[in-house]
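Below you'll find the structure, written out as structure tokens, and then a few comments.
Every number in this text was worked out from the coordinates using simple rules, so none of it is lab data. Just so it is clear, the structure is predicted and the values come from calculations on it, not from any experiment. Because the Cβ atoms are built from the backbone with ideal geometry, glycine has one as well, and the counts that use them run over all protein chains shown.
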Amino acid sequence: MQADLIITNARILTMDPAMPRAQAIALGGGHILAVGARRDIEALATAQTRVIDAAGRTVLPGFVESHLHLVLGGAELAHLQVGGLYGLEALRRAFADFGAKNPDAPLLMAQGAGYAMLDHPMTRADLDLVHATRPIAITSADHHTVWANTAALRAAGILHGHECPYGHEVVMGADGLATGELREFEAFAPVIALGGEARLNLGIATGEEPSPWPSEAELAIDRAKVAAGLAHCAAHGITSMVNMDGNRFTLELLDSLRREGRLTARVKVPFHYKPHMDLAALDRAEALTRDYNDDWLQCGFVKMFMDGVIDSRTAYMLQDYPGHAGHRSAPLFPAARFAEVATEIDRRGLQIAVHAIGDGAVRNTIDGYAAAARANGRRDSRHRIEHIELIDPADVPRLGALGIVASLQPPHAPGAMDFAMQPTLDMIGAARWRDAYLCRSLVAQGAAVAFASDWPVTDVSVTRGLEASQTRPVYEGAVDERLGLMESLCAYTAGGAWAAHRDTVTGTLRAGLAADLVMLGGDIEAAPPSEISSLDICLTVCGGIVVHCL
């Protein structure tokens with residue numbers, strides 16, 4: 001086969017143990033034709049071959065983003081970004097400018113707020129001072145809380161409360177009205193709907209499908225938002241991703257982009273199983289897996305939430321939250337119920353991915369996976385736990401022993417990137433810092449690791465995530481949990497591909513695999529850890545097609 005593209009004079013880190021380094025690579029027909037010495041690869045060039053001189057820059061497998069929310073991230077690119085803002089006056093200025101630029105928007109939506117944005121818990125009264133007449137709302141950086149002003153609550157019909165499933169709450173005040181704090185997805189879904197994005201949130205909020213089905217005009221709007229998300233990811237070198245919310249609607253949006261030639265990454269989309277569903281709902285997961293199961297679009301797994309997040313004290317803990325005697329939160333799936341559901345999913349041959357942040361949630365998830373293995377026998381399931389922000393020491397070796405993937409986000413550790421040290425570390429308590437945000441300890445005990453951002457919870461930039469992985473702080477009383485640079489690069493490439501059952505398609509640079517690669521703006525091994533994020537993404541290639549180029 002003819003070489004369409006050759007990159008030469010490069011520092012290629014293949015992530016292939018059989019040949020870890022190379023100088024040049026040839027691509028053709030959407031696949032890697034050859035990887036090796038410069039002289040050998042350049043000899044494959046013809047008059048029609050495009051040849052790029054990398055000038056000593058690093059070339060890697062295309063990044064595998066192991067946990068993100070593509071549809072939400074694409075939509076939120078057009079929202080007001082308030083990460084790093086503090087105080088009412090800063091919010092007033094930001095919303096005034098954003099409102100002036102969006103005079104007809106039915107909802108002014110902001111993203112990225114820290115829980116300590118104000119010096120007290122935020123309420124609708126605070127946001128009424130920011131804007132009293134137009135509906136406004138702010139999503140927390142972790143996307144598990146929304147704060148809305150009175151106008152937004154009234155327009156959404158929830159000022160006087162809203163019935164929600166367990167674990168989702170419209171917080172009510174002593175006056176009988178909503179305080180403005182909305183915890184978890186089904187509590188704030190009515191506010192999100194004001195902005196016309198209810199359809200795009202179904203994959204994470206309910207797991208259900210739009211009803212009625214959107215018109216072609218509405219679908220075009222939604223496709224444009226997804227396409228924006230894909231382009232944003234391509235600009236950061238991402239060629240494969242595991243979307244962590246989903247339904248058939250999400251897959252059909254992506255499939256329509258593929259038909260238009262606008263699908264620029266390989267995407268896995270789950271069936272989102274909610275606590276109220278019965279086991280028969282898993283028929284939908286099997287149907288999605290039958291209908292979408294190729295190298296570009298695939299289901300094959302079920303996503304579940306076991307708990308919430310630490311900062312809103314909705315993460316399920318084995319011990320009381322410091323200063324809150326008797327409060328540990330509770331699992332969204334009781335242990336016996338989760339074991340039943342996990343066993344059935346596993347019996348159907350599907351992978352499972354569970355959001356579990358508190359140590360209680362992590363234990364419930366491990367116990368459920370162990371129950372599935374006992375009932376069905378061990379197989380190459382690669383079941384996953386997403387986040388693992390706190391874990392009991394007794395549970396650390398169980399991941400490796402059971403073959404469970406630790407899907408971790410280097411930018412989430414407080415102080416590592418955009419998340420402040422507080423209030424999270426106080427919520428955990430100093431006595432437990434040694435058990436928080438483990439990485440090296442999990443690997444040392446045999447766990448497979450995949451890295452990700454959880455975009456739009458944090459910046460999707462892989463180079464920023466890599467920098468965070470190398471520079472994160474060591475908490476008092478804890479050990480250094482950083483992996484080395486090569487281990488971290490593997491977690492963003494080969495490790496992520498393996499965790500997603502895509503290692504026969506992508507994740508390493510070797511002949512026969514997909515032509516997915518990224519070229520950085522320098523030599524990553526020579527860059528100081530604190531400067532990794534300054535490396536440009538010069539080139540992103542997915543399936544042999546250049547999807548980003550500086």
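Using the Cα gyration tensor of the range 446-499, with a ≥ b ≥ c the square roots of its eigenvalues, what is the shape: rounded (a/c below 1.5), prolate (a/b larger than b/c) or oblate (neither)? It is oblate, given that a/c is not under 1.5 and a/b is not larger than b/c. Distance between the pseudo-spin-label points of R337 and R154 (7 Å out from Cα toward the beta carbon): 3.7 nm.
What list do you get for D454, D104, D307 if you sort them by fewest beta carbons within 10 Å?
Working: D454 24, D104 4, D307 27.
Least crowded to most crowded, the residues run D104, D454, D307.
Taking chymotrypsin sites (Phe, Trp or Tyr not before Pro) in DSSP loop conformation with at most 16 other Cβ atoms inside 10 Å as exposed sites, the chain has its longest uninterrupted site-free stretch at 167-550. Using every pair of alpha-carbon atoms in the chain, split the distances into 20 Å bins beginning at 0 and state the percent of pairs per bin, rounded to integers. That works out to 22, 56, 21, 1, in percent per bin. Just to confirm the number: angle between the C-alpha axis of helix 335-347 and the first principal axis of the chain, 0 to 90 degrees, nearest 10? Around 30 degrees separate the two axes.
Setting aside same-chain residues fewer than 8 positions from K274, which lysines have a Cα under 21 Å from its Cα? Filter leaves K303. Against the chain, whose longest principal axis comes from its Cα atoms, helix 462-471 is set at around 80 degrees.
Between the range 363-388 and the range 503-525, the alpha-carbon centres lie 30 Å apart. Of interest is the spacing of the C-alpha centroids, which for the range 449-489 and the range 288-334 amounts to 21 Å.
Across the range 318-447, C-alpha contacts under 8 Å between residues 6 or more apart give a mean separation that, scaled by the residue count, equals a relative contact order of 24 percent. What whole-number distance in Å separates the alpha-carbon centres of the range 221-261 and the range 526-545? With the range 221-261 and the range 526-545 each reduced to a Cα centre, they are spaced 21 Å.
Rounded, prolate or oblate for the range 106-194? Axes are the square roots of the Cα gyration tensor eigenvalues, ordered a ≥ b ≥ c, and the cut-off for rounded is a/c under 1.5. Since a/c stays below 1.5, the shape of the range 106-194 is classed as rounded.
With everything on Cα atoms, drop me the angle between helix 248-259 and the longest principal axis of the chain, reported from 0 to 90° to the nearest 10. Rounded to the nearest ten degrees, it is 40.
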